[in-house]
Each structure stands twice: as structure tokens, then as C-alpha cells.
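Each remark here refers to the structure printed beneath this line.
Just so you know, all these numbers are worked out from the coordinates, no wet-lab data involved. All values derive from a computational prediction rather than experimental measurement. FYI the Cβ positions are ideal-geometry reconstructions off the backbone, even for glycines, and counts take in every protein chain you see.
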Amino acid sequence: MSAGRRSPVRARPRLTSAPAESDGCVRAAVSLPVDEDEWVFAGHYPDFPIFPGVCVVDCAVSGALMTAPRPDLALSGIDSARFSGAVYPGDRLDIDLAWRPNGPEWTCTATAATGRGKAASVRLRFGVAA
């Protein structure tokens, strides 16, 4: 995670598959536990806690920054986020990352899943940090 970046999620991703070049892109994977004591569960929703989509996106960004193919890349945009399954307390969130160069920028597609299947697909855009 880049210096000074704050996250609403206490858990930090850990690398489960080191970045490696494959099919014209750089692939990697991270994983993190979604602990029952994450503070976001108190308000989303108290009687039926669901990990907020914005937190899934934040975990994807954290994982992308951990695996960036260049150390000088910074998030410049979120091109899309599609949610297809809920993430609950006690789940493990596995995120597969695929980096592709796109002119002076890089695109990172993050696919997040739990033991029940796909939870989200997020497309992130990164540029060279100023």
C-alpha cells in the first residue's frame, strides 16, 4: 500500500501469487480475511452484516498497489465496478489481478471471490505518480 493511503478496512491483503507475466499481461493474486470485527459491519447492516462494495473496491486497490508492475504507479481512476455476490463476516476475499499496459497508463482488472463464488469485478486505471 502506498505511503499515506488510508483504508476503511483493517485487514491487509497478503500476496498469494507473485506477479508473473502471462498472455501479454502481469498476473498476481492477493487474499485477506473479512473479520467479523471490521468496524464497517456496525452500520452495514447491524442485523444482517454485509461487507460494503466500496470496501471490496478498496481491497482491490490495495492488492493492485501491492502487485503493481512499476513502483511509480498511482490510482488515477475506477473505470467500472460490478458486484455479483455478497461478502459476509468470516469470508476470505481472494482477488485475482491482471495488469495490462494501455499507452502511458496501466489497467488492472481485479476479480474478487469468496468460497461461494465471484463477488465483484473491478477495472482500475493507474498512471505514473507525479
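Name the single residue that is nearest to residue 51 (Cα to Cα) among those in region 64-86 being over 13 Å from the mean Cα position of the chain (by Cα) and part of a loop (DSSP other than H, G, I, E, B). Going through the qualifying residues, I end up with 86. Just one of the listed residues (76, 62, 84) is within 12 Å of residue 120 (Cβ to Cβ) and hydroxyl-bearing (Ser, Thr, Tyr), and it is 84.
Condition (residue is in a strand (DSSP E or B), more than 22 Å from residue 20 (Cα to Cα) and either touching an Asp or Glu at 6+ places or on another chain (Cβ under 7 Å) or of a type in the set (D, E, K, R) (or both)) applied to region 101-118: is it met by at least one residue? Yes, region 101-118 has at least one match. Considering (1) part of a loop (DSSP other than H, G, I, E, B); (2) within 25 Å of residue 105 (Cα to Cα); (3) in contact with an Asp or Glu (Cβ under 8 Å, 6 or more places away or on another chain), the lone condition that residue 51 does not fulfil carries the number (2). Please enumerate the residues belonging to region 17-61 that are under 15 Å from residue 87 (Cβ atoms), of a type in the set (Ser, Thr, Tyr) and touching a strand residue (DSSP E or B) at 6+ places or on another chain (Cβ under 8 Å). If the condition is that a residue be under 15 Å from residue 87 (Cβ atoms), of a type in the set (Ser, Thr, Tyr) and touching a strand residue (DSSP E or B) at 6+ places or on another chain (Cβ under 8 Å), then 31 is the only one that fits. With respect to the conditions (1) more than 16 Å from residue 126 (Cα to Cα); (2) under 12 Å from the mean Cα position of the chain (by Cα); (3) assigned to a strand (DSSP E or B), residue 17 falls short on a single one, namely (2).
If only one of 124, 65 is within 20 Å of residue 6 (Cβ to Cβ) and either among the aromatic types (Phe, Trp, Tyr) or in contact with a Gly (Cβ under 8 Å, 6 or more places away or on another chain) (or both), which one is it?
Details: 65 fails: either among the aromatic types (Phe, Trp, Tyr) or in contact with a Gly (Cβ under 8 Å, 6 or more places away or on another chain) (or both).
Result of the check over 124, 65: 124.
Restricting attention to region 20-29, the residues that are assigned to a loop (DSSP other than H, G, I, E, B) and either surrounded by 14 or more Cβ atoms within 10 Å (Cβ to Cβ) or of a type in the set (D, E, K, R) (or both) add up to 1.
Would a scan of region 30-46 turn up a residue that is surrounded by 14 or more Cβ atoms within 10 Å (Cβ to Cβ), in a helix (DSSP H, G or I) and not charged (D, E, K, R)? Steps first, answer last, please.
First, pick out the residues of region 30-46 that are surrounded by 14 or more Cβ atoms within 10 Å (Cβ to Cβ): 30-34, 38, 40-41, 44.
Next, from what is left, pick out any that are in a helix (DSSP H, G or I): 40-41.
Narrowing the set further to residues that are not charged (D, E, K, R) leaves 40-41.
Within region 30-46, one or more residues are surrounded by 14 or more Cβ atoms within 10 Å (Cβ to Cβ), in a helix (DSSP H, G or I) and not charged (D, E, K, R).
Here is a list: 81, 64. Which entry is crowded, with 20+ Cβ neighbours inside 10 Å and either in contact with a Pro (Cβ under 7 Å, 6 or more places away or on another chain) or of a type outside the set (Phe, Trp, Tyr) (or both)? It would help to see each step written out before you state the result.
Working: 81 fails: crowded, with 20+ Cβ neighbours inside 10 Å.
Sole residue among the options that is crowded, with 20+ Cβ neighbours inside 10 Å and either in contact with a Pro (Cβ under 7 Å, 6 or more places away or on another chain) or of a type outside the set (Phe, Trp, Tyr) (or both): 64.
Which pairs turn up if I take residues in region 37-60 that are under 19 Å from residue 77 (Cα atoms) and look for partners that are assigned to a loop (DSSP other than H, G, I, E, B) and among the polar types (S, T, N, Q) with beta carbon separation below 8 Å, at least 6 apart in sequence or on another chain? So the pair list comes out as 58/7.
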